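Down below is the structure, laid out as structure tokens.
No lab work stands behind these numbers, since they all come straight from the coordinates. Keep in mind the model is a prediction, meaning the values are calculated, not measured. Using ideal geometry, Cβ is built from the backbone for each residue, glycine included, and neighbour counts are taken over all protein chains shown.
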Amino acid sequence: MHSFDYRAPKDLEETLEEAAHWGEKGRLLAGGTDLILFMERGRLRPEVVIEVPRTEPFTTLEETNGMIRIGARVTMGQLEHSPLIREKLPVLSQAAGEVGSVQIRNLATIGGNIVTASPAGDTLPALLVLDAQLMLQKKGSLRTVPIDQFFLGPGQTVREPDEVLTEVRVPVKGDRFVTQFYKLAVRSYMDIAIVDVAIGVYTNGDGAVEDARIALGSVAPTPIRAREAEERLKGQVPTETLIDEVALLAQKASSPITDQRGSAEYRWLMVYRLTKRLLTNALLNSSASGHR
Amino acid sequence: MGSFKVLGSRVPRTDAYDKVTGRALYTADLVLPGMIYGAFVRSPYAHARIKKIDVSEAMKVPGVVTIITQENLSRDYALVIEEEVHAAQQVRGLLAGEKVRYHGEKVALVGAETLEAAKEAAALVKVDYEPLPAVTDPREAVKEGAPLVWDDSQPVTAPDGSLLYNVVAEDHRSEGDVDQGFAESDLVYENEYYVHRVHQTYIEPQAAVAAVDERGRVTVWSSTQGHFVVRSNVARSLGIPLSRIRSIGMTVGGGFGAKFGGVVDLYAVLLALFTKRPAKIVYTREEDLLDARPAPGLYIRIKTGVKKDGTILARSAFALWNVGVGGGALWATGAFTRLYNIPHTKWDAYEIATNTPPMGAYRAPGYPQVLFAGETQLNQIAADLGMDPVELRRKNLKAEPGFFETLEKVVEKVGWFQREKGEWEGWGIALGHWRNASSPAGCIVSLDEDGTAKVYTGLMDLTGTETAVAEIVAETLQIPYEDVTIVRGDTDSAPFSPPSGGSTVTFSVGNAAWRAAQDLRQQMIQLAAGQLNALPDELVVADRKIAVKNDPERSLSFAEIAQTALRSPSGPLIGKGSFGGDPSDTNIFVQAVKVKVDPETGKTRLLRCVQALDVGRVINRTQCEGQAEGGALQSASWALMEEMQYDEQGRMINPNLADYRIPTAFDVPDMETILTEFPSRHGPYGAKGIGEPPITAALAAVASAIGDATGYWALEAPVTPERLALALATRQPVRAR
């Protein structure tokens, strides 16, 4: 690995100072499970590594006014095990629990998973389904970016070099919002997704779908929402035929490539089948679970 | 044989405490004063002409000591690898010369004060390549117009008259008359199978340290399966007399056939020779996946003629081994005929050069690939005949000791004929086999003053063989296992030992140790007879003492015997044993698995994994079970997920453990293992070598279980979720859920 300077700011303010000072020459380190690998392989050669401090708001994990606040340094392991997340955002808990190994989840953070912006980041489809809001702060300013407007391409986001992702805010949607997540990989554990699918649906008392979210990972340059598919569901009472149509629309939204983990053809087929499976589980089989 | 005191127990391994506490010393742990670090410049191309190598920028990196290319190597140097156990031989340049022939091939070697400097300099060596078309699939490599891996290669004529290109070796065998056999058959089946190359994926990457003293004597420390082999390879490759090389085998983190040397050891020695400083080379995982000695791939077409009642009349095979730029696979081809009574057999096998790394041995080299085809086809035939696959085996299996009995153990354990399966579940059974290698070995056993024994050996312990040898000595001397100390020597201090490969060590070194212990025991009895005024025949050896049979009060403890020897003209008691290599007997391995397939995603989950292994004699029950389980799992993993993947240009696209997958504990069901004991005529206490057989059958058993679950018979391994899902989608409508 190349030589670099290391900074350890004490709090938010100092972090913003460092980020402003180093700009493109610096990289923020949280869990480091991506960054250190990228540096070892020479993919990134920052002059300065700035470690995000283990202080608020980076470590926040709480519910306030119908909003769950998750600090950028909250680990995958915390999301997996936190009673709050398990109860209120089970889809995020499940997705976080399928990232890497126990050791990786003890280090890897939600902020890192978002900022790395891998198309295969497992928590990203879950966060898309949950309408997560990203708090991006820099010296003297703060902006909120909805997660579906954050990603530009593999590793590319709207975050500016001097901006720090401080926390993620997720509105709590209540019991009528049913979610499902499926990670398809060769191994049942510790593997990188071939396809990730997350769905979330609201149904009203008559069984009609009020609103829907369908998010896909590993099948486009960024994690995506299948908006046409979502629209098709809205206001409808779900049937097998409808779900089949919706799954085909989700497939249409994806643009998979062939790589070492799977062919475009396979991914294409899996988007259709898994979307259909999850929607069927959520809307037609009330007792089924989304777990593998 | 009667009952045993030590054999058959579950005593802990000799190395257990050191490994558990982290005290065991691996090659990468070594740091010598003044040591430099080596890093390789590797080819980014699978096939290219090297036009120019410019090291000028790289030499400017602070800390760089030397950069070696093929150009500044002595003409006398060549990579010469001979490995007796598998009769493998290779001769080629140490570094790429005019051409590179696989992605990751060594082009230059940098030595520097730090690993970081060595890597930085390696990245700055400018190599001017002219890329050439590459071929990684033997089915393509044999065609006219395929890129030629070796410039001087000439096409050979196949049995059907066609020309085969890129052939580096061939083998043709037959017994009986297959044409007649097929003519007499009611049904003739012909199927093609393809097995991708896989890597042994030992946990410790290849590593070596070397030093040269002021008199030119070379010491090499390495992670190896055989330090004697390392010594002879260094001698042959670099022209150094054997007596001027000391080879030290460090603790090994797995080898499975890939650690017979030639990957890093020669290069550490080269650096030490060039710089007169100790040098260390430790592979990264990526380097190991790109440039070690992975298993050969196989294309094989098997033709089998049967009577309607399942009697096999004839089997033939046409095989293309993907040996990369190496060789040594041919001899495994006949494995598909060995277990059965087949009047007519024939095979035509070819080694095909491709632009992939040189092949090496991998646990029962070649057998899993051949038996994937042979045993899967038998299960397809059984299904087609409407016959139970076990009945088909019963009808054709040879009646050698243990064959039927071991098969029936699995039938019983599984409840095979009452087996049940749910939707998308399936069962598979397959037979595997091996006959351990038998190799020359020496051993010395001495008796210490306290009555305990020391064993001097040169074995390299990969699998618990040191423990096995200690148990054999303890049993022979009738002392507890804890009273035996193993002294593992290097090539300067130990009697000759074969490398750990081909399941040879417990059998061969075990025999030498048994003979040495017998020799010592005779000397002890002679001495005791004199002291006790008894005839040797009147004495019994038991419980750390020698006593007169009918007068047990008259006895000498082992400690007293050892101390008496020191005061007597005979001096210290030292037993020695040498073994020249009497042949062993075949062990059968029986594998049954149950799987569940998700027909939509193609994911296969192992539900049960039941295996039975004839070990000849259980030396250590825990170790035997461990071998059976580990082998079964490696084979099942080969069936489901392991594959070295290459792109169109021949570059490996998954040289890391995220994308070259091996199973985690979550992918493995409880393993159910049965050991049977049908002694080898020449094995120590009847023991057979057991490292290899457990990997030979699960590849076929898992593929067959998938066939049973889905009706799709896998012709290509591994059966990844993608292959299975796409095959099911095109071959049959996927059932609605």
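The GNM of chain A, with springs linking C-alpha atoms under 10 angstrom apart, assigns the highest mean-square fluctuation among A:GLY140, A:GLY111, A:GLY32 to A:GLY140.
For the stretch B:118-212, a crude dipole built from +1 on the beta carbon of Lys and Arg and -1 on the beta carbon of Asp and Glu, taken about the Cα centre, is about 740 debye to the nearest 20. Put simply, the amide H of B:LEU313, placed in the peptide plane, has neighbours under 5 Å in B:GLY305, B:VAL306, B:LYS307, leaving out anything fewer than 5 places away on its chain. Taken about its Cα centre, the stretch A:61-171 carries a charge dipole of about 220 debye when Lys and Arg each add +1 at the Cβ and Asp and Glu each add -1 at the Cβ. Considering only alpha-carbon pairs that sit under 8 angstrom and 6 or more positions apart, the relative contact order computed for chain A is 15 percent. List the residues whose amide H sits under 5 Å from the amide H of B:SER439, counting only those 5 or more places along or on another chain, with H placed 1.01 Å from N in the peptide plane. When sequence neighbours closer than 5 places are left aside, the close amide H contacts are B:SER508. Each Lys or Arg adds one and each Asp or Glu takes one away; over the other residues whose Cβ falls under 14 Å from the Cβ of B:THR491, this sums to +2. Based on Cα contacts under 8 Å between residues 6+ apart, chain B shows a relative contact order of 15 percent.
Measuring nothing but alpha carbons in chain A and taking Rh as the Kirkwood radius, the Rg to Rh ratio lands at 0.98. The three principal axes of the C-alpha atoms in the stretch B:438-579 carry coordinate ranges of 48, 27, 23 Å, sorted with the longest axis first.
Note: relative contact order over the stretch B:331-395, using C-alpha pairs below 8 Å and six or more positions apart, is 37 percent.
Taking one quarter of the surface of the convex hull spanned by the alpha-carbon atoms of chain B gives a direction-averaged projected area of 35.3 nm². What base-10 log of the normalised intensity I(q)/I(0) is obtained for the stretch A:177-284 from the Debye formula, alpha carbons as equal point scatterers, at q = 0.14, 0.15 Å⁻¹? Result of the Debye calculation: -0.50, -0.56. The calculated 222 nm mean residue ellipticity attributable to helices in chain A amounts to -9000 deg cm²/dmol, summing -39500 (n - 2.57) over DSSP H runs of n ≥ 4 and dividing by all residues.
For each of A:ASP206, B:ASP137, A:ASP5, B:ASP171, count neighbouring Cβ atoms within 10 Å of the residue's Cβ, then give the residues from fewest to most. Least crowded to most crowded, the residues run A:ASP206, A:ASP5, B:ASP171, B:ASP137. Overall, chain A carries a charge dipole of about 520 debye about its Cα centre when +1 sits on the Cβ of Lys and Arg and -1 on the Cβ of Asp and Glu, all other atoms neutral.
The 3J(HN,Hα) values that the Karplus relation (6.51, -1.76, 1.60; θ = phi - 60°) gives for the stretch B:172-180 are, in residue order, 10, 9, 7, 9, x, 9, 5, 4, 4 Hz. Gly and Pro appear as x.
The stretch A:158-226 and the stretch B:90-132 have Cα centres spaced 45 Å apart.
With neighbours defined as other Cβ atoms within 10 Å of a residue's Cβ, the residues B:TRP347, B:TRP321 order from fewest to most as B:TRP347, B:TRP321. Taking 7 Å steps out from each Cα toward its Cβ at B:GLU214 and B:THR664 produces label points 5.5 nm apart.
Kirkwood radius, the stretch A:5-51, all distinct C-alpha pairs, inverse of mean reciprocal distance: 10.8 Å. Every Cα-Cα pair of the stretch B:601-737 was included, and the share exceeding 28 Å stands at 31 percent. Taking A:THR203, A:THR109, A:THR258 as the candidate residues, the one with maximal mean-square fluctuation in a Gaussian network model of chain A, Cα springs under 10 Å, is A:THR258.
A simple rule links phi to the HN-Hα coupling: the Karplus curve 6.51 cos²θ - 1.76 cosθ + 1.60 with θ = phi - 60°, which for the stretch B:37-43 gives 10, x, 9, 9, 8, 10, 6 Hz, with x for Gly and Pro. Residue order for A:THR144, B:THR251, A:THR75, B:THR485, fewest other beta carbons within 10 angstrom first, comes to A:THR144, B:THR485, B:THR251, A:THR75. Across all directions, the average projected area of the convex hull around the alpha carbons of the stretch A:61-171 is 6.5 nm².
So what's Rg/Rh here for the protein assembly as shown, counting alpha carbon atoms and using the Kirkwood radius for Rh? Expressed as Rg/Rh, it is 1.01.
Just so you know, the Cα atoms of the stretch A:145-206 work out to an Rg and Dmax of 16.2, 49 Å.
In order along the stretch A:159-175, the phi-based Karplus estimate (6.51 cos²θ - 1.76 cosθ + 1.60, θ = phi - 60°) of 3J(HN,Hα) comes to 5, 8, x, 8, 8, 10, 6, 9, 7, 10, 10, 10, x, 7, 9, x, 5 Hz; Gly and Pro are listed as x.
Each stretch of four or more DSSP H residues adds -39500 (n - 2.57); spread over every residue of chain B, this sum gives -8000 deg cm²/dmol at 222 nm.
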